[in-house]
């Protein structure tokens, strides 16, 4: 996956044209790379040109991923500089298609494929790539920079515009390391700090910092910058019956896993014992058997030392993963490892997770994933996960709650308190908090690809599934990407294959849910999954249930709300926020009002993480 950073200035130039010695320009780029060093432990490099400076840190996770980056070549005699992160899965097909465009290389690489694809198809080259990627391409003849991101946004890419230039990087912290960028809170984006799943495309909580949305290409030249979307879901009538649909889903998943699992690279998989991760692991085992390749797949699961004594079942997490993962591993024949973590383990790594994010995070939910990836990286550079299946096939409890679905709001918000409601009256008025939430909801509804003639429950479920595949999916993919790449571990997501998503998108809800939650997926995978997985209820990613962790959250939240030294306390209605914290501390807040019956203390995570982010990154408020 790696990390990349760049600085283009077409008005003043960089280096000598900007009266800066090369050593200083190099230091700027090296500082940007250093801000994301965990993403690329296998090497780093810098390249300077009259108009730009580029830097890259690398993690080798594929046999095609061997070029030093930035990669410098030529197209029709003009210099072309290429950087990328991620993987391209249709390399073989592209090699056949592009072989006649230039002499045969000694070895095919991602950089060579991108160069030839750009030479043949111009700015439309990205439409021919399949995979998870972020690309920066500099055309020296046109003096134009192209930034591109894969269809689902599996690889991150951020940018900020300057006077005649652009600064870009894989993560926000790298851009913050550039002297021309000042980190300042965008108060109009407070909603996404306190409720990240409502973010709009490209939105960040820092003024002037933008995330390139998924499936977009940005062009920057002397003419300015333009942004074009090159892929989106399309709605069409579904003509396959249930059996045909189930068979096709299976065939698509088998193809995806075959493309994403490379036995030439040390690879493993996450395994919870639920339908999603077990499906991926089972398909990998089937691939290994077909290839007659090597030893069994290594699978990993996380548990907490307090699970046996402190675990309380809830709607969103009815049971513990570890026993189900062990049963699934035994059934499939994987080599299985269960990592046991303590609360202190979580607290120890939370600062590192904040660094990996560069934006407000998710506290212990980031930390538990970080710990698992840290252990996996000891022996593996690639891992597969079952994430995104809930959003695609409809696996969350709210998909089955008519009262929530009937409301004109994001269905996952539920009835409980929201931190945005506890902002100061002045901020609530200035930011129009209620109106802003409704505007975000209305925006996403306006983006739904409608099916002519569809109405009633079918139309509403299309809306709700689209909402889930927008904000919430981005949130879980961002968490997975930041936590894994902070370890130099590349995690691939088979359920995020665009062809699979496009096909399942048009499957009617009645068919998706036939036989219960994710009934279609269970039907497609039934013959290779253990009975314990097929009968198990949806259970969220593990988090620790420890009253001491809740006390840590409550203590820090109380300080934020009441201490004059708090940099964000002034943003909130102190008496009301303090009363909420007291309710949580006294266990007087009804957990049933919160999504999935989560611990009431978890409501405070976003408050604590907002505070830590502002302090750690010196964000002006």
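The table below lists the values:
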quantity: Filter pass, residue 274 being modelled with pLDDT of 95 or more and in contact with a helix residue (DSSP H, G or I) (Cβ under 7 Å, 6 or more places away or on another chain); calculated: yes
quantity: Top-ranked residue of segment 184-204 - restricted to ones that are touching a residue at least 60 places away in the same chain (Cβ under 8 Å) and in contact with a strand residue (DSSP E or B) (Cβ under 6 Å, 6 or more places away or on another chain), ranked as surrounded by the fewest Cβ atoms within 10 Å (Cβ to Cβ); calculated: 184
quantity: Positions within segment 230-281 being part of a helix (DSSP H, G or I) and within 18 Å of residue 491 (Cβ to Cβ), in sequence order; calculated: 253, 256, 257, 258, 259, 260, 276, 277, 278, 279, 280, 281
quantity: Residue count, segment 325-367 (criterion: in a strand (DSSP E or B) and either in contact (Cβ under 8 Å) with a residue 40 or more places away in the chain or in the same structural domain as residue 184 (by TED's automatic domain parsing) (or both)); calculated: 3
quantity: Set 552, 517: member being surrounded by fewer than 22 Cβ atoms within 10 Å (Cβ to Cβ), part of a loop (DSSP other than H, G, I, E, B) and touching a residue at least 60 places away in the same chain (Cβ under 8 Å); calculated: 517
quantity: Conditions (1) more than 24 Å from residue 262 (Cβ to Cβ); (2) in a loop (DSSP other than H, G, I, E, B); (3) without any contact (Cβ under 8 Å) to a residue 40 or more places away in the chain: number failed by residue 378; calculated: (1)
quantity: Test: residue in segment 108-116 that is crowded, with 18+ Cβ neighbours inside 10 Å, within 29 Å of residue 469 (Cα to Cα) and free of Cβ contacts under 8 Å to residues at least 12 places away in the same chain; calculated: no
quantity: Residues of segment 483-496 that turn out to be within 22 Å of residue 275 (Cβ to Cβ) and either in a strand (DSSP E or B) or outside the structural domain of residue 508 (by TED's automatic domain parsing) (or both), as a count; calculated: 2
quantity: Evaluation of residue 576 against (1) over 30 Å from residue 329 (Cα atoms); (2) in contact with a helix residue (DSSP H, G or I) (Cβ under 7 Å, 6 or more places away or on another chain); (3) in the same structural domain as residue 327 (by TED's automatic domain parsing) (one fails), failing number; calculated: (3)
quantity: Residues of segment 282-305 satisfying the condition of being surrounded by fewer than 18 Cβ atoms within 10 Å (Cβ to Cβ) and outside any helix (DSSP H, G or I); calculated: 292, 293, 294, 295, 296, 305
quantity: Qualifying residue in segment 557-565 (condition: surrounded by fewer than 18 Cβ atoms within 10 Å (Cβ to Cβ), in a helix (DSSP H, G or I) and in contact (Cβ under 8 Å) with a residue 12 or more places away in the chain); calculated: yes
quantity: Residues that are within 27 Å of residue 539 (Cβ to Cβ) and either out of contact with any helix residue (DSSP H, G or I) (no Cβ under 9 Å at 6 or more places or on another chain) or surrounded by fewer than 24 Cβ atoms within 10 Å (Cβ to Cβ) (or both), drawn from segment 259-271; calculated: 260, 261, 267
quantity: Members of segment 83-92 that are in contact with a helix residue (DSSP H, G or I) (Cβ under 7 Å, 6 or more places away or on another chain) and outside any helix (DSSP H, G or I); calculated: 84, 88, 89
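The values are calculated or read from the model by the stated rules, or taken from the named source; none is laboratory data. Small disclaimer: the values here were computed from a predicted structure and weren't measured. Virtual Cβ from ideal backbone geometry, glycine too; neighbours counted across all protein chains shown.
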